[in-house]
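What follows is a set of notes on a single structure, which appears directly below.
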Amino acid sequence: MSLKLLSANHGAALAATLAARANRAGRGFCSGVYPITPSTECMEYLCLQEIEKGRVVKVESEHSAMAVCIGAASAGARTFTTTSSNGLAYMAENCIAAALLRLPVVMAVANRTLGPPWNIWADHGDSLLLRDQGLIQFYCADNQELFDTVLCAFRLAEDQAVMMPVMVCMEGFILSHTTAQIDVPEQAQVDEFLPLTSIPHRLGDTPHALGQVELPHQVEMHRHQHLAAMNGAIDVYAGIRDEFERVFDRRLPDAVVAYRAEDAETLIVSMGTIGATAERVVDRLREQGQKVGALRVRLFRPLPMEGIRAWFAGKQRIAVIDRDVSLGFGGVLWGEVNALADPGTVVQSYLAGLGGGDVRPEHIENMLSDLLPRTSAGLPAMMEAA
Amino acid sequence: MKNDTSLEPVPTSLEDLSLPLEVRVHGRGGQGGVTCAKLIASLYTRMGFHVQTFGDYGSERSGAPIQAFTRVDRQTIANRNKVYQPDHLIVLDEALMGPQVLSGTTPGALLLLNTRSTLEAYAGQYANYRLGVVDATAIAREHGIGSSSVVIINTTILGAYARLLGVSLGALEEAFASLGLGGDLAAAEHAYAQVQIRTCDPADAHAAAPATAWQPDSAPVTPLTEHRADSPATLKTGSWSTQAPRYREHAAPCNLACPAGNDVRGFVQALQDDGADAAANVLLRTQPLPSVCGRVCPAPCMQACNRDAFDGAVNIRSLERWIADHSTQALGKQTTARPRRFAVVGGGPAGLSAAYQLALHGHAVTILEAGPALGGVLRNGIPAYRLPPEALQRDLQRILDLGVETCLNVRIGHADLRRMRAEYDALIVCTGLGPALRLEGEGIDMAGVEQGLDFLDRAKQGKVELRGRVVVVGGGNTAIDCARTALRCGANSVKLVYRRGREDMPAIAEEIDSAEFEGVRLVLNRQPVAFSGNGSVSALVLAEVEPGAPDESGRRRPMVTQRTSHLECDTVFLALGQSAGMEWLPGTWQVRDGRAWEGSQALDVWFAGDCATGEGTVTHAIGSGRRIALAVLGRLDNAPETQPDAGSAVAPGQIRFSHFDVVPPHRDKELPPSVRRDSFEECNHGLAGPEEAGRCFSCGQCTHCDTCLIYCPEGVITRSESGYQIDTSYCKGCGMCVAECPRSAMEMHEKTKLEVRQCL
C-alpha cells in the first residue's frame, strides 16, 4: 500500500490498470476509449500504462469504444471504458447491448450535464439515462471511494451470479478533477482480490452471432434472469465488502451510507459528493440540537430498497436532494425512494446543483428550513446554487 | 543557492496554521494555476497533512481567469465545495487584482503577488494582509520556463510561497520531484531568495474590517414550477480573453496595384450593391477617363486580383468599362472658397487628369494643347478598334463640363512659360514623351520605312491604304497597334519583329493575343540591322539575338549576333519608343521631384505624366496627373503632406476560398477575326452585364456577409446599423470569426489593460 496524490480520474484509471494486470494469466484486458471532458484524463492515464496482455484501443467515438469492450468481453477479456455526458448518450445503445448480452464491462462515468446548450460541469442526468437498462450503478463521494469502487466493480461485474456491466460514477470536476491522497494497493493484493475473468458465455473457437431475434416469452425469461441477478447483486456486494476488507485491510462503504441517522427525526438523502456536504450540515445542525441525519445512496442500481426502508422507518421528514431532474416528474432519486418511507413521512424533492452548481452547506440548511414546517410533501423544489 | 545558509525560512507558523487551511490561486488559463495548487498540495503532503486540490474549470481557454484551490487538514477532508474564504491567496497575474480576487479573505490572510513592483509600491495597500511580492515572471523567464511569449510561473512562485510559509527548500524539492517538475526547482529557489515579505501587524489587521467579506448567497427554495425567470448569464466570459476580434478594413491588392489610384474594390462593390451610377460616383473621384481605361488599361489590378489564385481574376477592366458606358452620372462646375487659376500644358491623359482634379476642387483650369484636339495619345495613338472616338469624347466632355477651358493648337516655348508663371498660380506640364526613337542601320531613310506613331496618327485621321508585306519593329503597345492597324489598312501580311522573346514584350498580353488571333506573325529574337531595297525598302536584314545577362529590369539583355537573315517586305513601321523630350524648357531650369527649379528656387511649375515619369501607360499618366494636382493644391495651401499608409495588401492566403463558389470569369464579347480585319469597328464589345462584379472577393472590406455572425460559437455577434457589433462582455476571443471571415475584413488585437478590466 502506498499513498499517492491522484485525481479521481487518474485513480479510476489506475484501479483499472491494476485490475487489467491482474488478469494477465487469464484472457487479458481490453479497453475501447474515446475522450470527452471531464472523463478525458482517465482515458489519457490509461493509455500511458503498460499493461501486460492488455490493449487500450483508441477509437473514433464513444459508440465504438463500447463496441470494442463488447467484442473483447465477448471473447472473455476483462474490459473497461470511461465517458461522460453526451458521450455516454452516444454510447448508450452499446451500453444497453453490453448489459443485455450480460457482459461485465466496467465503466467510470464522470457525470456531466447533458447539452445543448453546452455545460461541462457535474449533473447526474447522464448516467441516470441508463437507470433502467440492466447496468449496475455506483455513485461515489471521494477519491479513495472511487478508486476502491472501481476495483470492486470488476469483482462484482464478473461474479458468475451477476455478470453485467457496472458503472462507477463520479461528479465531473468536483470529483473527477480533484486531486487527493489515494491509498493504492500492491499488484499482488489486487491479484488476490480479483479472480481471473471468466465469462461462461464467451465466444469459443467457433464464431457465432450474438443477440439474435428472441420471442416474447424468451424476452420475459431473460428479463427475469437479469432482474434476479440485479437483486442478487446487493448480497454479492455485501460479500465482496468482506473480501475487500480481508485483502486490503479497509472496508468499502455500504450500499447506502448512513450518517448520524439512527436517532434522527429528519434525514437528508442524496448521492455523490452532495452526501459529503450533507454530513457537514448534519454536524452543524446537531451542534444546534437538531436531530438530523444523512443517508447517501451509493448503490443506485440495484437500489438497496430494504436497507433504505429500514433507515427511513420512523423518520418524520426526509429531504431528497437530486443533482438531476426527471423533467415532468422531479428528482430521480426522490422518485425512487419516495415509496420506501413510512406513510405519513414527509418526503420532499429538492433539486440542487444542476449544471454543476456548488451545493454548499447553507443551501442544504435552506432546504431543511423549507422542510421543517411542511406537513406534507409539495411540488419538487429547486435550489439555485451558482 | 540552495546552500546559502542566509536564506532561512521566514519564521512563521507552520504550527500555528489554522486548520483546515484553505488556499486559493488566481491566474489565467495557460498559466498553470491548477498545477500550482497541486504543487502546494504536494508540499503539504510532505509534512504529513491530508490534502485536497482542484481547479475551478471553465472552458480551459488560454487567458480566461481561473481559480484553483488547495485544502489542508490533519484529518480526511470531506468539504467538497470551492474555497470561498481562503487563508492564503496566490495571484499569478497582478492584472486580475480586484474585489473578486480578494473576496472572502479575512485580516491576517496571506497574499502572494506575482508583480514587477517592489514592496514599496504597496505602501498603504493590502495592510490587512501578510504580503509577499515577487517578480516570478522575470525569474521564470530567466530560467527559460515556458516560451518566450508565455512564461510559465506556477513553479517559480512556489519558491516564494515556501519562504512565506516557513517551509524549507528541501520540502519544496521533494514536492517538485513528485510531480516531475524537478527542472523548475532552480527558479523556485531563486524566487525563495527574492520574495519580499511584509508582515501584518495583528493589531492593525484586526482593527480594519476586511473590505472583502464574503456573504454566502442564500437562494430561496422554490417549487420547480415557480422557476419562471430566465436568469441572465452571470459568467462574463469576455474576461477570459486577452485578445479580441475587431472589424478592420485592410488594403485590397487591386487598389494598391492601380497606378491611377482608383478605389477598385470600392467601385466594383458599389456596382454590385447599387448599380452603375453609384459605382461611377466612386470611380470618378480619381478617374477622369473611365471609358478609356475600361478599354485600354493594362489592368495591373487584374494581375494583383486574389481571385486569380482561385478561379480567375475578376474582369475589372471590363467592369470599369461597363460603368463608364452605362452610368448617366454627370458632373457640373464646382466651386471653392479660394479659387485659383492653373494652366495645364498638354491635353493628354496626365494633363486631363490634373485639370480634372483641379476643376473638381473648384479651381479655374486652362489646358494648352499643341494639337487640334484634346486627348494626346488617346486621340492620335490608340486605334479606333480599341478606343472608339465616341468613348474618348464622352470622357472629354465630362471633364469640359467641369468648366475646364482649352486652348488648342498652342505650342509653348520658353517665353510663354515665363509669362504664364505670372498669369497662373501654378503650371502643370504634361507634355508626354518626345519624338519617336530611331533605329540606326543602313537604309533607314529609305522610302517605305516610317515611324509607327505617324502611321497611327494618319490612320486615325483618314483612310490609309496599304499593300503587300508589312513589318513592324518593336514589342510594345504601339507596335501591336501598328500591326493590327496595318492589317485593317489592307496589308497582305503583317510581321512583328522584336529583339526579345514573347514573354518580354511590354505590350498588354491580351493585345498580343488579339494580334496573333487576327493573323499578325511574331518574329522574335531578331534585330533589324539594315534595310535593303532599290529606292524603297524591299527587305530587312535581321540579326539573330541571344539573351544575355539580365539588366536592371530583370529582363535578359539582347545580344546581337553576326548571324543574319533577310525578311522581305514592302513597308516597315518603327515602334521603338519615344525620347524624354524636355529640351524645350528654359536652359536655367532644372527638374527635380516633379517640379521646376531655378537654382535653389522652387518654381510653381510642376511636371506630371510621361514627361516626368516615363511610365508609359494611360493609367500611370492619370495617377501622376492627379497626384501632382493634389500636391500642388496642398503646397499652395501650405497643407502638410500626408501619405496615408495603406498597409500591405490582403494576400490570397488570407482569403477563405472555401467560402466562395467557383464561378469562371465573365468574358468580353469579341468580334470574330474574319470581320475584324475589314474594319476599325471596336473589336471588344465588353461584358453582357454587370454580374462579374459579384465575383469580387471584396478583399479586406466587410460586405456584411454574416459569416462572422454565423460562425461565432458564442452567438455574441449581432447586426448593427454600421455592420456588426460584438458583445465584448461575452466574447471569449476564440478568433473563429476572424479565421472564418472570407475576406480578411477582421483582425484580432491584444486587449488593453482597460479593456480587460472592463470585462471583469
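The values are calculated or read from the model by the stated rules, or taken from the named source; none is laboratory data. Bear in mind the structure is a predicted one, so any value in this text is a computation, not a measurement. We place every Cβ from the backbone using ideal geometry, glycine too, and count neighbours over all the protein chains shown.
Whenever a residue of the range A:269-282 is at the interface with chain B (Cβ under 7 Å from one of its Cβ atoms), its partners that are aliphatic (A, V, I, L, M) and part of a helix (DSSP H, G or I), lying with C-beta atoms within less than 7 angstrom and at least six residues away or across chains, give the pairs A:T277/A:I364.
Only a single criterion out of (1) modelled with pLDDT under 90; (2) within 25 Å of B:G29 (Cα to Cα) is not satisfied by B:V134, namely (1). If you take the residues of the range A:1-27 that are within 13 Å of chain B (Cβ to nearest Cβ) and hydroxyl-bearing (S, T, Y), which of them is surrounded by the most Cβ atoms within 10 Å (Cβ to Cβ)? Among them, the one singled out is A:S7. Annotation: of all residues in the range B:347-382 being part of a loop (DSSP other than H, G, I, E, B) and under 18 Å from B:Q287 (Cα atoms), the one that is farthest from the chain's Cα centre (by Cα) is B:L374.
Yes or no, residue by residue, for (1) more than 14 Å from the chain's Cα centre (by Cα); (2) among the polar types (S, T, N, Q); (3) farther than 16 Å from A:F300 by Cα:
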{"site": "A:R112", "(1), (2), (3)": "no, no, yes"}
{"site": "A:I120", "(1), (2), (3)": "yes, no, yes"}
{"site": "A:R131", "(1), (2), (3)": "no, no, no"}
{"site": "A:G134", "(1), (2), (3)": "no, no, no"}
{"site": "A:C140", "(1), (2), (3)": "no, no, no"}
{"site": "A:T149", "(1), (2), (3)": "no, yes, no"}
{"site": "A:M164", "(1), (2), (3)": "no, no, no"}
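Contact annotation: residue pairs with Cβ atoms under 9 Å, 6 or more positions apart or on different chains, pairing a residue in the range B:321-336 that is more than 14 Å from B:G686 (Cβ to Cβ) and in contact (Cβ under 8 Å) with a residue 24 or more places away in the chain with a partner that is outside any helix (DSSP H, G or I) and small (G, A, S), are B:G332/B:G403; B:K333/B:G362; B:K333/B:G403; B:Q334/B:G362; B:Q334/B:G403; B:T335/B:G362; B:T336/B:G362. When you check A:I51 against the structure, is it within 21 Å of A:H124 (Cβ to Cβ) and assigned to a loop (DSSP other than H, G, I, E, B), yes or no? When the stated conditions are applied, A:I51 does not pass them.
Checking the condition in a helix (DSSP H, G or I), touching a helix residue (DSSP H, G or I) at 6+ places or on another chain (Cβ under 8 Å) and either assigned by TED's automatic domain parsing to the domain that holds A:G76 or in contact (Cβ under 8 Å) with a residue 40 or more places away in the chain (or both), which residue from A:L114, A:L175, A:L156 passes? Explain how you work it out, then say what you get.
Details: A:L114 fails: in a helix (DSSP H, G or I); A:L175 fails: in a helix (DSSP H, G or I).
Just a single option satisfies the conditions, and that option is A:L156.
Could you check the range B:98-107 and list, in sequence order, the residues that are buried (at least 21 other Cβ atoms within 10 Å of the Cβ) and among the polar types (S, T, N, Q)? The answer is B:T105, and nothing else. Filtering B:A219, B:A213 for residues that are modelled with pLDDT under 95, away from chain A (no Cβ under 14 Å) and closer than 30 Å to A:A319 by Cβ leaves a single hit, B:A213. Entry remark, the range B:542-569: residues being within 16 Å of B:L522 (Cα to Cα) and under 52 Å from the mean Cα position of the chain (by Cα) number 7 in total. Restricting the range B:649-691 to residues that are assigned to a loop (DSSP other than H, G, I, E, B) and loosely packed, with under 12 Cβ neighbours inside 10 Å, which is modelled with the lowest pLDDT? In this case the residue turns out to be B:D678. Does the range B:161-174 contain at least one residue that is within 14 Å of chain A (Cβ to nearest Cβ) and either part of a strand (DSSP E or B) or modelled with pLDDT of 85 or more (or both)? Taking every residue of the range B:161-174 in turn, at least one turns out to be within 14 Å of chain A (Cβ to nearest Cβ) and either part of a strand (DSSP E or B) or modelled with pLDDT of 85 or more (or both).
The residue list B:A78, B:A95 contains one member that is surrounded by fewer than 22 Cβ atoms within 10 Å (Cβ to Cβ), modelled with pLDDT under 95 and facing chain A (nearest Cβ under 9 Å), which is B:A78. For the range A:159-172, the candidate set comprises residues that are part of a loop (DSSP other than H, G, I, E, B) and not acidic (D, E); within that set, the residue that is nearest to A:W121 (Cα to Cα) is A:G172.
Selection over the range B:327-346 of residues that are surrounded by 24 or more Cβ atoms within 10 Å (Cβ to Cβ) and either outside any loop (DSSP other than H, G, I, E, B) or touching a helix residue (DSSP H, G or I) at 6+ places or on another chain (Cβ under 7 Å) (or both) gives a count of 4.
Got a sec? Which of B:S698, B:S729 is over 27 Å from the mean Cα position of the chain (by Cα) and assigned to a loop (DSSP other than H, G, I, E, B)? Just a single option satisfies the conditions, and that option is B:S729. One residue stands out among those in the range A:116-147 that are touching a Ser or Thr at 6+ places or on another chain (Cβ under 7 Å) and more than 11 Å from every other protein chain (Cβ to nearest Cβ): the one that is nearest to A:T178 (Cα to Cα), which is A:C140. Within the range B:165-194, residues that are in the same structural domain as B:L89 (by TED's automatic domain parsing) have Cβ atoms under 8 Å from residues that are of a type in the set (F, W, Y) in these pairs: B:L169/B:Y192; B:L172/B:Y192; B:G182/B:F176; B:D184/B:F176; B:L185/B:F176; B:A188/B:F176, counting only partners at least 6 apart in sequence or on another chain. Criterion applied to A:A161, A:A141 was being out of contact with any strand residue (DSSP E or B) (no Cβ under 9 Å at 6 or more places or on another chain) and not assigned by TED's automatic domain parsing to the domain that holds A:G331, and the one residue passing it is A:A161. Scanning the range A:28-37 for residues that are among the hydrophobic types (A, V, I, L, M, F, W, C) and within 14 Å of another protein chain (Cβ to nearest Cβ) yields one hit, A:I36.
Candidates are the residues of the range B:24-39 that are part of a helix (DSSP H, G or I) and more than 11 Å from every other protein chain (Cβ to nearest Cβ); the one that is nearest to A:G356 (Cα to Cα) is B:G33.
Out of the residues in the range B:40-69 meeting the condition of being hydroxyl-bearing (S, T, Y) and more than 9 Å from chain A (Cβ to nearest Cβ), tell me which one is surrounded by the fewest Cβ atoms within 10 Å (Cβ to Cβ). In this case the residue turns out to be B:S62.
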